[in-house]
Every structure is written in C-alpha cells, then in structure tokens.
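Asker: My structure is below; once you've seen it, I'll send some questions.
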Amino acid sequence: MDPQPSDRWERWLPWLGALLGPLWFLALGGAAALNPTNLHWLGGGDHAQHTLGWLHFRNAPWGFPLGSIPSLMHPLPLTVGFTDSNPWVALALKPFSRWLPQDFQFIGPWLALCLALQGWMGVQLMGLFTRGVAQRLLAAALFVLSPVLLFRFGHDTLCAHWLILAMFWLHLRPREDVRAARRTVAQALVLNVIAAGVHPYLEVMVLTLTLALLFKLVRRERLVSWRFAGAALATTLGVVGVLFVAFGYVGQGVSAGTNGFSYYSADLLAPINPSGASRVMDGFPMGSGQYEGFGYIGTGFLALIGVVLLWSPWRTWPRVKEGLRAQTPLLLSVLALSVLAFSSVVTVQGRPVLTWRALAEPLLPLLSPFRSSGRFIWPLDYALMTGLLALVAWRWRQSPRTLTALLLGAVLLQALDTNNLWTQTSFHDGKWPRLQAPEWERVDPFYRHIVLFPPAIQGAQAPCLNGTFPDDAYVRFGDLAYRKGMTTNSAYSARIDEARVAAVCEALRAEVASGRFAEDTLYVVGERELESFRRPEAGLTCGVLDGYTVCVAAKQGGFQEALTRAPPMPMPISGSASHSQGGPP
C-alpha cells in the first residue's frame, strides 16, 4: 500500500508550519526588525525598557540574582526580569557580549521565533485531529495569525504563546503506556522551566495546565500513581521557585501593591471583541484598562463558528459533549485561569455585572503581583480555537476537500481582516531616543554616574519624584550611560520597592540641598529644580544640551569645557525653589 501523503510529509510538516511564522512576520513589515543591530524601531513603550535592560545587563558583572543590573536605577536593585528583558535569552547571549556589536537587539528575532514555534505547535495540534497535510498547515496558519499573539508584539516577552499550545498538545495526544506518560511529565517540566525564565504570567498559565495534566494522568488515564504525580509536582514547584529566586522575581522586597487587579481585567466579550484588530467588524466598549484582557479569537475563527452553527449543529452536539467530558481536567484549569482573567469585578462591555471582591480580598497579597489579570484569557482563547478546529475536522472528516476549503477561507479572511497587515504598524514603536549633541562624545572617562534630578523612575509614586522630564528621558540617558560605561539613577522597572525609592530620592535631595555635588557625576536637572543648581556657592558648570540642563562639579576635562560653550542654564520657573526642598509641584 502506498503511504498517505501525511506519512511522506510527516518529518517536514512541523518545519513547514514553522516557516509560516517568519512569512507572516515579513508580511507585517518586520524585515528590518530581524537585523539585530537595528534599534530604530524600539524607541517607545515596553520595547525601549526591554532593550535598555538587556544593553546594561550585557556589560554588567555576573552577580546574584542572575540578571542583576547595577548600572540601571542605581543604587536601587534591578534585574533583567524586572526590565522584562527576557532572562533566558539575555543570559544565553551575555557570554558573547564582547563579540556582539554595541547596538544589538534580539527582540525582532525573538518575535519571529515565537511565530515560528506557534506554527510548529499548530501543526502538531491539528495532527491530533486529521492527517491531511493541507489541513494541518492551514490550521497552523490560523494559530500564527492569532490576533491575541499579534496584539502582544508590543510586549515581546509575552509572545511565547506556543508554550500554551504545547501544553494543550501534551493534554490531548494519546499515550500508550507508563513510559509515554512519564515522558509527557518530563516535557511539561521543560516547558515550565522555559516559561519561568521568559515571563511569570506565562509560567502561571503553564503551571496551571501542568497541574491539570498530572491529575489527568492519575485519575483519567491511570498511567502514573499519586506518589509519582506528587513528586513531579514538587519537583516542578521547586525548580520554578529556584528560578524565580535566581532571576530576582522574588526576594527583592518589591511589590505590585494592591491596585490594578480589577482594572487590568478581561471583559466577558473579549473573545469576540475585535477592539480595533478587525477591518470589517466594530469593537464593543470595554474598560480603559481592559486592553490587557484583549482576547479576540479572529474573524476567521468566528466565520468557522458560523459555518458550524448553520450546518446541522445538532449533529455535532454529542461529539462536543464527548470531547468536553474527556478533557474535564484541562477545561477546569482553563476555567480557573479565565476566572482570574475576568477578576473580582466581572464586566460586559466594560460595565460590571458581577463582583466577588469580598471573597477576593484575602487573596489580594497572592493575586496582586498579577494585577494585569486579563492576560490569563489566552488559554481560553486557544482552547476555543483548538476545540473549534477539532470539531470542524471531525464534522467534515468524510469530505477532505470541504474541510480544506473551509480552513483556507478562514485563513484568508483572518489574514485580510488584520489591520496591522495593511497599516504596517507592528514594528514602528518609535526611533531609538539617542542624544545627538556632539558634546556627549566628550564625556571624560572619570565620570561614573548620570544623575537625573529628580530621578525618572517610571511608575513610582514617591512624592519627591515629581519632575518634568519627558517619558523617554530615562531611555536617552540610560543609552548614554550604556555607551560610556556609567550608571544612571533612572529606569523603568516592572515592580518597585516604593519605600526604598522614596528613601533614595530624599537622600539625593538632601545632598543637593547641602551643596554636595560629586565630581564624577553628570547632573541632569529638571526645570523645576534649577534654583538649587544655580547658586554660586555650588560651583557648578551648567549648560543646555539636547534641551536638557546638565551640570558638573568637575573643574576640568573635555566635557566641562564643552559645557562652558553650551547655551546657558535657563531661568527657573516660578516656585522651583520651594519644590527643590521637597514641596508640592
């Protein structure tokens, strides 16, 4: 008997599925982003934070926690984990830092890799429902085209959605014996290790799905014992705990506070709300923070739902019930994550319809680190996509051509309805904000620190931080500090110890008020703070470069000389003297 086409292609199908990812990446306008020396699309939003964290980490001495960045937000602690600079990738590249170009980014290649692995896992998942080559590749294309994944391009470390698909694959694939079950557990452990070093939100999802998988192997499939499952769970929790400590996610005294848990939630209509991602469908209203819960499954998938509902839906209902019953542990884990996504205030079109705040109150210390809980909608999204593909494959199993046509139509509709395909805005966060004045190149080697006064620490609430620096000031001077081997007291950290920030800030104010200025420091002064630096007894040389007032206490050197020829410090704005003493802005 001649082998089926899928038999001949089996070895190459995952690779073909993976190829779909980079092709979509290029179609979205990502060619320039693949150049690792190109920073000119990373100048805004989260990308700037992630890139700056990596650049400083690559030159930092090895320390503990792994990924420590002593030169950013100095003297406060910071790690690549809290700059969301992808700890695993940053650690892997750091040993090669001396051979890498000065301007080097991995965000573009990482996004392309995530899309490739999404296609790879899409082929594997669809292979559980059909052996058709075309059907498996088209299903992989639908996963690659997922609006949920594309929406997260602005936060690259959250784009490893293939980890969720891989966990689904481990749940759904058949196992013949105990050895196969144990191999599945080992694979789940590897996925947890990867997720723990990419982003904590992804690890929570993978770990929850792992718990359900262990339960299924014990109670449903009866391939492993409770003792083995308990040992596997303990090992997983232990390894993840060690990684979280090693990467500095815990044990640094930082906190997310108790605000935001209900604000950054998902709306109940998230899976069918395009929210600007569709060219043909209008979105529904939602809360201002519920962009974190974006969960649109895509116009192509909605079209498939419509086809299933129009084409004798009563014939599919028994199959649906059978599939749901067989995957109860997986569904319960997805449901648990969905409850977390909808948070303690459940909304429809942004309007509260149910609240369980009283029940959630005791859990806030545990939940508050995951205040952007809307992200936990992703397993539900991919469960809906996977379940729909399984149902469509079963419904038209006797008509491969019809199945292929349906999937092809869904792919075309999903691709053509993607706004970003036409606007080409996926890789335009803004030009890298590098300081341009030639005087910066004359900064002498004896300068060790750049101090913004007040510090520009994004997201911190300390009153003494009230300043007038632009949002990208921390990136501009962080970039200068990186290129000159200096430290900077400003940064953007995902989590902050507010008490330590306030203490450092007040100590800096006290130094400035007493006129203690270090000669190895460049002071970048906010417009409300000029009076303290204008005093004759301070003995400072000040000038304006690139619109920023810069002062030094050094009496000699190329940079001090350059400042004497720069435009003079502007007059302080009204009320700056009182503010320099810590008063209200």
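Asker: Helix-only mean residue ellipticity at 222 nm, the chain, DSSP H runs n ≥ 4 weighted -39,500 (n - 2.57), per residue, nearest 500. What is it?
Answerer: Rounded to the nearest 500, the figure is -14500 deg cm²/dmol.
Asker: About its Cα centre, how strong a charge dipole does region 271-417 have in debye, to the nearest 20, once Lys and Arg get +1 and Asp and Glu get -1 at the Cβ?
Answerer: Dipole magnitude for region 271-417 comes out near 460 debye.
Asker: Now a separate question. Could you provide, to the nearest whole Å², the per residue accessible area of the chain with probe 1.4 Å?
Answerer: For the chain, the per-residue accessible area is 43 Å².
Asker: Now for a separate question. Could you pull out every one of the lysines with an alpha carbon less than 19 Å from that of LYS94, ignoring same-chain neighbours closer than 8 positions?
Answerer: The reachable lysines, counting only those whose Cα sits under 19 Å from LYS94, are LYS484.
Asker: I want to verify the translational diffusion coefficient of region 54-119 in µm²/s; compute it with Stokes-Einstein, Rh as the Kirkwood radius over Cα pairs, at 4 °C and 1.567 mPa s.
Answerer: The calculation lands on 103 µm²/s.
Asker: Quick one: putting +1 on the C-beta of Lys and Arg, -1 on the C-beta of Asp and Glu, what dipole do you get for region 128-271 around its Cα centre, in Debye to the nearest 20?
Answerer: Dipole about the Cα centre, nearest 20: 700 debye.
Asker: A follow-up question, please. Whole-Hz Karplus ³J(HN,Hα) for region 538-543, in order, using 6.51 cos²θ - 1.76 cosθ + 1.60 and θ = phi - 60°, x for Gly and Pro?
Answerer: Going residue by residue, I get 5, x, 9, 9, 10, x Hz, with x marking Gly and Pro.
Asker: At 1.4 Å probe size, what's the solvent-accessible area of ARG131? Round to the nearest 10 Å².
Answerer: 120
Asker: State log₁₀ I(q)/I(0) for region 318-430 at q = 0.20 Å⁻¹ as given by the Debye formula over alpha-carbon point scatterers of equal weight, solvent excluded.
Answerer: Here the Debye-derived log intensity ratios amount to -1.12.
Asker: Then there's this: Once both axes come from the Cα atoms, what is the angle between helix 378-395 and the longest principal axis of the chain, in degrees from 0 to 90, rounded to 10?
Answerer: Roughly 20 degrees, rounded to the nearest 10.
Asker: Which order do you get for ASP282, ASP472, ASP417, ASP177 if you rank them by accessible area with a 1.4 Å probe, largest at the top?
Answerer: Order by accessible area, largest first: ASP282, ASP177, ASP472, ASP417.
Asker: Follow-up. Given R₀ = 30 Å, what would the calculated FRET efficiency be for TRP314 paired with ALA405, taking r from the Cβ atoms and rounding to 0.05?
Answerer: The calculated FRET efficiency here is 0.85.
Asker: Further question on the same structure: Which Cα, out of GLY67, GLY108, LEU163, lies furthest along the positive dipole direction of the chain (beta carbon charges, K/R +1, D/E -1)?
Answerer: Farthest towards the positive pole: LEU163.
Asker: If you rank SER514, SER372 by how much accessible surface each has, with a 1.4 Å probe, what is the order from largest down?
Answerer: Sorted by accessible area, descending: SER514, SER372.
Asker: Return one quarter of the surface area of the convex hull spanned by the alpha-carbon atoms of region 76-217, equal to its mean projected area, in nm².
Answerer: Averaged projected area of region 76-217's Cα convex hull equals 11.0 nm².
Asker: What percentages make up the Cα-Cα pair-distance distribution of region 479-546 when the bins are 10 Å wide from 0?
Answerer: 15, 45, 35, 5
Asker: Given R₀ = 45 Å, what would the calculated FRET efficiency be for ARG397 paired with ASN419, taking r from the Cβ atoms and rounding to 0.05?
Answerer: According to the calculation, E is roughly 0.85.
Asker: Determine the dipole magnitude for the chain: charges of +1 sit on the beta-carbon of Lys and Arg, -1 on that of Asp and Glu, nothing else is charged, the reference point is the Cα centre, and the result goes in debye to the nearest 20.
Answerer: So the dipole magnitude of the chain works out to roughly 2200 debye.
Asker: Right, something else. As I understand it, the dipole of region 257-386 uses +1 on the Cβ of Lys and Arg and -1 on the Cβ of Asp and Glu, about the Cα centre. Which of GLY298, LEU309, PRO352 lies farthest toward its positive end?
Answerer: LEU309
Asker: What are the extents of the Cα atoms of region 1-108 along their three principal axes, listed from largest to smallest and rounded to whole Å?
Answerer: For region 1-108, the Cα spread along each principal axis is 71, 30, 25 Å.
Asker: For the chain, give the percent of accessible area contributed by carbon and sulfur heavy atoms, probe 1.4 Å, rounded to a whole number.
Answerer: Whole-percent figure for carbon plus sulfur exposure: 62.
Asker: Which Cα, out of LEU13, GLY30, PRO77, lies furthest along the positive dipole direction of region 1-134 (beta carbon charges, K/R +1, D/E -1)?
Answerer: PRO77
Asker: Let me ask something else. May I ask you to rank LYS94, LYS555 by accessible area, largest first, using a 1.4 Å probe over the protein chains only?
Answerer: Accessible-area ranking of LYS94, LYS555, largest first: LYS555, LYS94.
Asker: At a Förster distance of 51 Å, what's the computed FRET efficiency of VAL544 paired with MET281, Cβ-Cβ distance as r, to 0.05?
Answerer: Between VAL544 and MET281 the formula returns 0.55.
Asker: Here's a follow-up. Using Cα atoms only, what is the angle between the long axis of helix 299-310 and the major principal axis of the chain, expressed in degrees (0 to 90) to the nearest 10?
Answerer: 30
Asker: Could you name the lysines in cross-link range of LYS321, using Cα to Cα under 23 Å and dropping any fewer than eight places away on the same chain?
Answerer: Answer for LYS321, where 23 Å is the Cα cut-off: LYS216, listed by chain and number.
The values are calculated or read from the model by the stated rules, or taken from the named source; none is laboratory data. Since the model is a prediction, treat every value here as computed from it, not as a measurement. When we count neighbours, we look across all protein chains shown, and the Cβ atoms used for this are built from the backbone with ideal geometry, even at glycine. Surface accessibility is based on the protein's heavy atoms, side chains included, excluding ligands, DNA and RNA. Shrake-Rupley method; radii C 1.70, N 1.55, O 1.52, S 1.80 Å.
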